[in-house]
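Where a number appears in this text, it was derived from the coordinates with a stated rule and is not lab data. Values in this document were obtained by computation on a predicted structure and should not be read as measured data. Here the Cβ positions follow ideal geometry from the backbone for every residue, glycine too, while neighbour counts run over all protein chains shown.
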Amino acid sequence: MKLSIVIPCYNEQEVLPASYDRFRAVMAAEGYDYEIIYVDDGSRDRTGEILAGLAAGDRRVKVLTFSRNFGHQCAVTAGLHNCSGDVVIIIDADLQDPPEVIPGMVETWRREQANVVYAVRNKRKGESRFKLWTAKIFYRSLNLLSDFSFPVDTGDFRLIDRQVLDTFLQFPEKHKYLRGLFSWMGYRQVPYYYDRDERLAGQTKYTLRKMVKLAAAGLFGFSKKPLKLAISLGVISVVLSLAIVLWVLYLQIFAADRIVPGWTSTIIIILFLGGIQLFTIGILGEYIGNIYDETKNRPEYIVAHRLNFDREADCTVARPSTENPNRQD
Ligand code: UDP
Ligand code: MG
């Protein structure tokens, strides 16, 4: 059995050397046949240099370097498109998800004859209240809004086997919300509980903007309820407007002397309807934007160079449609 470890890295110079040592120690202790695929997501610090050094000293370290920062989900996707193992582990570079739990996950995969072993966070150390709170609200509301139920407290850290990987490789969609996609795929999935550590060093690379983008990919990729929300809001506002119209007519007929120029009500109605219209147009815009991106069919990411892959290519443009030219077995 060959293990592929996919590690996305964005400006991770502080953690990479220690991170590599820990991964290697775990792999050596277990005696696995393995490869580590680092995806350098357009880092601007010394990440590229450090990865090149690691790759020069160890053939099992493979590196894909993006032409710019494409984001965590694209980096993981690129790793998945290029791995050759029978079992793949998706894990972060910062050691928040400890490599030492990998043997346990592999063991669970074997024992349970599972296709996916997804890591569930028992405890999360060193993360801000804001992050924990927004994560909690997001995962719960996604479950409420989506027609599908996702496991909560689960990130992208998981083990997937060849069958699931091969299914994934056939997905042409771009705006990926990977953790949702994998649980949506079905097969036999089992949880693996672990304690999440603190980031070893450096800052989180998930800025608020990136978190919102990921949340939007999850929400608009897995739920059509926001579209229906537009209809509900429309109905509510029509009913409310109707009530106001009746009230105005009543005043007009029975209390014409009490009518003063209706400034307040006019403003309220304009603001209310204007707000609802903009909100619903925004929802439509999100979906149309996604459709637009998919129809342009641009690659999800661009690989500028690759190290230690059997077929070296200086600049390969990934086109992960049904047949992916980047994949190397
Ligand atoms: N990452 C990436 N591209 C990005 C942002 C993050 O490849 O644009 C990587 C990062 O290097 C790390 C993983 O994604 O290996 C998770 O990021 P981070 O630890 O900063 O997020 P957090 O754990 O704080 O949610
Ligand atoms: Mg982290």
**OP:** With runs of 4+ DSSP H residues as the only contributors, calculate the mean residue ellipticity of the chain at 222 nm using -39,500 (n - 2.57) per run, divided by the residue total and rounded to the nearest 500.
**Re:** -16000 deg cm²/dmol
**OP:** Would you mind working out the magnitude of the charge dipole of segment 1-87 relative to its Cα centre, with +1 at each Lys and Arg C-beta and -1 at each Asp and Glu C-beta, to the nearest 20 Debye?
**Re:** 140 debye
**OP:** Work through the residues other than K213 whose Cβ is under 12 Å from its Cβ and net out their charges, Lys, Arg +1 and Asp, Glu -1.
**Re:** +2
**OP:** Mind giving me the FRET efficiency for E30 and F279? R0 is 45 Å, r the Cβ-Cβ distance, nearest 0.05 is fine.
**Re:** 0.30
Original post:
Rounded to the nearest 0.05, what FRET efficiency do A255 and R68 have when you use their Cβ-Cβ distance and R0 = 45 Å?
Top reply: 0.10
Original post:
In terms of Cα to Cα distance under 14 Å, which aspartates and glutamates are near enough to K213, apart from those fewer than 8 places away along the same chain?
Top reply: E286
Original post:
To the nearest 0.05, what FRET efficiency results for D21 and D86 with a Förster distance of 25 Å applied to their C-beta separation?
Top reply: 0.50
Subject >> Over segment 119-158, equivalent-ellipsoid semi-axes from the Cα gyration tensor in Å >> reply: 19, 14, 6
Subject >> Helix 16-30 axis, angle to the chain major axis (alpha carbon atoms, nearest 10°) >> reply: 60 degrees
Subject >> Which of T295, L95, I160, positive extreme of dipole for the chain (C-beta unit charges) >> reply: T295
Subject >> Intensity falloff of segment 1-77 expressed as log10 I(q)/I(0), Debye formula with alpha-carbon point scatterers, at q = 0.17, 0.22, 0.26 Å⁻¹ >> reply: -0.61, -0.99, -1.28
**OP:** Pick out, from M1, F309, V39, the residue whose Cα sits farthest towards the positive end of the charge dipole of the chain, with +1 on the Cβ of Lys and Arg and -1 on the Cβ of Asp and Glu.
**Re:** V39
**OP:** Identify the residues of segment 41-77 with backbone N under 13 Å of a label point that sits 7 angstrom from the Cα of K213 along the Cα-to-Cβ direction, or state none.
**Re:** 41-43, 68-76
**OP:** Do me a favour and compute the ellipsoid semi-axes for segment 44-199 from its Cα gyration tensor, root of five times each eigenvalue, largest one first, whole Å.
**Re:** 25, 20, 18
**OP:** May I ask you to compute the full-extension gain from L246 to M1, defined as 0.36 nm times their residue separation minus their alpha-carbon distance, rounded to one decimal in nm?
**Re:** 80.8 nm
**OP:** Counting only DSSP beta bridges with both residues in the chain, tell me the antiparallel percent, nearest 5.
**Re:** 35 percent
**OP:** Provide the per-residue ³J(HN,Hα) series for segment 269-283, in order, calculated from phi with Karplus coefficients 6.51, -1.76, 1.60 and θ = phi - 60°, each as a whole number of Hz, with x at glycine and proline positions.
**Re:** 5, 4, 5, 4, 5, x, x, 4, 5, 4, 4, 6, 5, x, 4
Original post:
Expressed as a rounded percentage, what relative contact order does the chain have, with Cα pairs under 8 Å and six or more residues apart?
Top reply: 23 percent
**OP:** Calculate the dipole size of the chain relative to its Cα centre from +1 charges on Lys and Arg beta carbons and -1 charges on Asp and Glu beta carbons; express the result in debye to the nearest 20.
**Re:** 880 debye
Original post:
Working out 0.36 nm times the residue gap between F148 and F130, then minus their Cα-Cα distance, what length gain in nm do you get to one decimal?
Top reply: 3.9 nm
Original post:
Taking the mean number of other Cβ atoms within 10 Å as a proxy for protection, how do you rank 61-69, 142-150, 209-217, 178-186 from highest to lowest?
Top reply: 61-69, 178-186, 209-217, 142-150
Subject >> Kirkwood Rh in Å, taken over segment 29-113 so that all alpha-carbon pairs contribute >> reply: 14.2 Å
Subject >> Those aspartates and glutamates that a straight Cα-Cα span of less than 14 Å connects to K131, excepting residues fewer than 8 apart in one chain >> reply: D153, E198
Subject >> Choice from F272, F222, F254 with maximal GNM fluctuation in the chain (Cα, 10 Å cutoff) >> reply: F254
Subject >> Rg in Å to one decimal, and Dmax rounded to a whole Å, for the chain via C-alpha atoms >> reply: 24.9, 92
